[in-house]
Amino acid sequence: MRRVSIFGATGSIGQNTVDLIARDPSAYEVVALTGGHNVTQLAADARRLRAQVAVTAYPETLQPLRAALQGSDVEAVAGPQALLEAAARPADWVMSAIVGAAGLEPGLVALEQGATLALANKETLVCAGALVLETARRHDAHLLPVDSEHSAIFQALVGEDISAVERIILTASGGAFRDWPLERLAQATPAQASQHPNWAMGQRITIDSASMFNKALELIETREYFGVSPDQIEVLVHPESLVHSLVGFNDGALMAHVGAPDMRHAIGYALHWPDRRNLPVERLDLARVAQLSFRAPEEARYPALSLARQVMERGGLAGAVFNAAKEIALDAFIAGQIGFLDMSSVVEEALDWADACPGLIDAAMTLDNVRKTDHLARQHAWDLMAKRAG
Ligand code: NDP
């Protein structure tokens, strides 16, 4: 039996992972399931999958978690330290699907145990790419992409030599506002930004799709994961979300990964890798689809893309600054404190500030430095917004 853990089990990726595991319970021994506020879901899944331990990230939700698990054999624990301890329990395969920079440390701990880490959490590679790759290498652990774009690229590269790759094309749905007049964007509300045209995902990544901060994170992840140079990575708006990304080779061939927008494909691929198994996803009828369309992204609509390119040029800990400022700006947008377009201005100003801080983004990529940079960038982003409001 394979020992598996799911970090962020109560979220959108986590629930899709639970769905796949629950379809074949005799094949898996579930070690840890983790969640945050949704302890009802966490407890229900921990009982159903007979997990060893259920972890809520927040100590204040320990009591309700314990109550919901009463009479079961599942241990209930809470808090960031308990999360890291659960990540240290031996497992063969771990899903990293916590949202935000909070997903970094549990993922690193799982890699240190030699577990295969299925990486949905984008922030892990954006904040600490070199550190994460080095940790995986040192512990002989596999790191498998779960983002549909990176899974598509990974699959297109099977049996290929990376030196034959000319370019990687990340497709993007364009998000909720892809067809809005540019002058309306400043008034866009969180509720409007939370309506994804094709994918059902968590609220944060859905808003990040509307602003393309999501694609910006993916650009940085692509560079880190596949080791290609920034000018080899392109973004293409593809409203149907059926082509999940493409790899262009030096003989002119383009290999595309095509499938229904269902994250259980990428999750299942990572779960069964290097094999392919039957997955409960729709089989595309291309005659019915009939048409696929593509267009270049407009720079003015998606300033996050050029910010990501700046981050890739700067390197070092610039990704940690970018992500921290983006998370704070997103919190403020969701809370109605800043407008939709202010998110990219806050991130841009934070990157300029970091550039002007001697030794900040050039510091060695250790976990301590990533934490410190993350903390300082969050503080600075708050200060920026307070200054604007005042
Ligand atoms: P959700 O918001 O749906 O779920 C996030 C999960 O993380 C929940 O289990 C949540 O718990 C938990 N969580 C939230 N904050 C913390 C914290 N501080 N500490 C520990 N756990 C926490 O997110 P998604 O599933 O949409 O996305 C997860 C990650 O995967 C993100 O990095 C996202 O960018 C990436 N991703 C998502 C895709 C998708 O299709 N959704 C596609 C590709 C990548 P609770 O809900 O109980 O509070």
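Relative protection proxy for 34-47, 65-78, from highest mean packing down: 34-47, 65-78 (other beta-carbon atoms within 10 angstrom). Only DSSP H runs of four or more residues enter the estimate; each adds -39500 (n - 2.57), and after division by the residues of the chain the mean residue ellipticity at 222 nm equals -14000 deg cm²/dmol.
Suppose we keep just the DSSP beta bridges with both residues in the chain; what percent of those would be antiparallel, to 5? Spell out each step's value before the answer.
On the way: 10 of 38 bridges.
Of all bridge pairs located within the chain, approximately 25 percent are antiparallel.
Estimated translational diffusion coefficient (Stokes-Einstein, Kirkwood radius over Cα pairs, 25 °C, 0.890 mPa s) of region 1-79: 204 µm² per second.
Reducing region 62-112 and region 170-232 to their Cα centroids gives an inter-centroid distance of 29 Å.
Sorting check: for 231-243, 315-327, which peptide has the highest mean count of neighbouring beta carbons within 10 Å, and how do the rest follow?
Values: 231-243: 17.7, 315-327: 26.4.
The packing order, highest mean first, is 315-327, 231-243.
For an R0 of 30 angstrom, estimate the FRET efficiency from the Cβ-Cβ distance between A363 and A22 and round to the nearest 0.05. Once the sixth-power term is evaluated, E becomes 0.10.
Under the criterion of Cα pairs below 8 Å and six or more residues apart, the relative contact order for the chain equals 14 percent.
May I ask you to sort E221, E123 by Cβ crowding, counting other Cβ atoms within 10 Å and putting the fewest first?
Details: E221 24, E123 27.
Ordered by Cβ neighbours within 10 Å, fewest first: E221, E123.
Using +1 at the C-beta of Lys and Arg and -1 at the C-beta of Asp and Glu, which of H150, A256, A76 has the Cα lying farthest in the positive direction of the dipole of the chain? Projecting each Cα onto the dipole axis, the largest value belongs to A76. Label zone of A88 (point 7 Å out along Cα→Cβ, amide N under 14 Å): in region 113-142 this covers 113-114.
Computed about the Cα centre, the dipole magnitude for the chain is approximately 860 debye when only Lys and Arg (+1) and Asp and Glu (-1) carry charge, each at its Cβ.
Cα to Cα, under 18 Å, and not fewer than 8 places away if on the same chain: which lysines meet these conditions relative to K372? Counting by Cα, and skipping residues close in sequence, K372 has these lysines nearby: K326. Ordered from longest to shortest, the equivalent ellipsoid semi-axes for the chain are 30, 26, 22 Å, each the square root of 5 times a Cα gyration tensor eigenvalue. Name all residues of region 62-81 having a backbone nitrogen under 14 Å from the label point set 7 Å from the Cα of M1 along its Cα→Cβ direction, giving them as ranges. What the label zone holds, given the 14 Å backbone N cut-off, is 73-74.
Of L271, L185, L143, the residue with the greatest mean-square motion in the GNM of the chain, using alpha carbon springs below 10 Å, is L185.
Is any helix in the chain, taking whole DSSP H runs, at least 20 angstrom long along its axis by alpha carbon and on average at least -1.0 on the Kyte-Doolittle scale, and which ones?
123-138, 318-334, 342-356, 367-389
Every number here is computed from the coordinates shown, using simple stated rules; none is lab data. None of the values given here were measured: they were computed from a predicted structure. Quick reminder, even Gly has a Cβ in these numbers, built from the backbone with ideal geometry, and neighbours come from all protein chains shown.
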